[in-house]
Amino acid sequence: MLFQRFEGHHLPREVELRQSNTHVAREIAKLIVSGAWQEGRTLPREIELASQFSVSRTSIRESLSILKAKGLIAARQKAGTHVRERINWNMLDAELLEWTWALRPTEEFARQLTQVRRIVEPEACAICAERGSDADLARIERAYREMDAAGMNSRAYSEPDLRFHRGILTATGNDFLVAFGATVEAALRMSFDLSTLNPGAPRKSLPYHRAILDEIWARNPDGARLAMHRLMDLTERNITLALSRRHGEAIAAADASREHDA
């Protein structure tokens, strides 16, 4: 195996190549998601992309393969590679969700993502309460206790919060719901990003998580479902408030800049 020096450590060459390919894929995806490269547009040729991003043509091919798997682009025989219509994008892909949110953090995008969670997670709670093993529930409770121990530290709170929600999906025993965990994780990270605008917001959700846990332990599917709906209500309120504050700060910054220029 080939190794290369990287900040004082030996980094496997294969790992370095994968990181480079992912970086290029992300940069091309940004052009697509932002609308700079619109639906139907034919991408530049491989050699042109390689020059633009200062990588090899092999790296470009690998990067384009990543984007094809996410539904962003497709190849047409003798017509090159083109940007697909948005309806074909794999919007449940965790990386694509992350890239889209980073570029276009709109209230509508956040609302749609929370809406998907509302469709899936309450029913997952009901199934978990009905079918989850005691060991499954114990893992969910451990995650809750770590959330409680985090206090007002949002960063320490976030990881056990992720495990709490993924633990519920895992406890259903349904492979499709388990796979949805990556989407939930992306949505939660979006919420954590916004929580910096709502001091104490994560901590305020703790009683809602406790209610979910209690209903699951009580083996009460209806109660667990309702408790998760209530948490989703809180999440939507927090997101709306945070985005409103972000919008207000952006307007204030623009006004201050105009006054300074004047």
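The values are calculated or read from the model by the stated rules, or taken from the named source; none is laboratory data. A quick note: this is a predicted structure, and the numbers were derived from the prediction, not measured. FYI the Cβ positions are ideal-geometry reconstructions off the backbone, even for glycines, and counts take in every protein chain you see.
Things worth noting here:
- Tabulated pairs, the stretch 38-49, first surrounded by 14 or more Cβ atoms within 10 Å (Cβ to Cβ), second part of a helix (DSSP H, G or I), C-beta under 6 angstrom, 6+ apart or interchain: E46/R57; E46/I60; L49/I60
- Count of the stretch 29-59 residues which are in contact with a strand residue (DSSP E or B) (Cβ under 8 Å, 6 or more places away or on another chain) and either aromatic (F, W, Y) or in a helix (DSSP H, G or I) (or both): 2
- Counting residues in the stretch 141-155 that are in contact (Cβ under 8 Å) with a residue 60 or more places away in the chain and not charged (D, E, K, R) gives one or more.
- E215 passes every criterion in (1) among the charged types (D, E, K, R); (2) buried (at least 19 other Cβ atoms within 10 Å of the Cβ); (3) modelled with pLDDT under 85 apart from (3).
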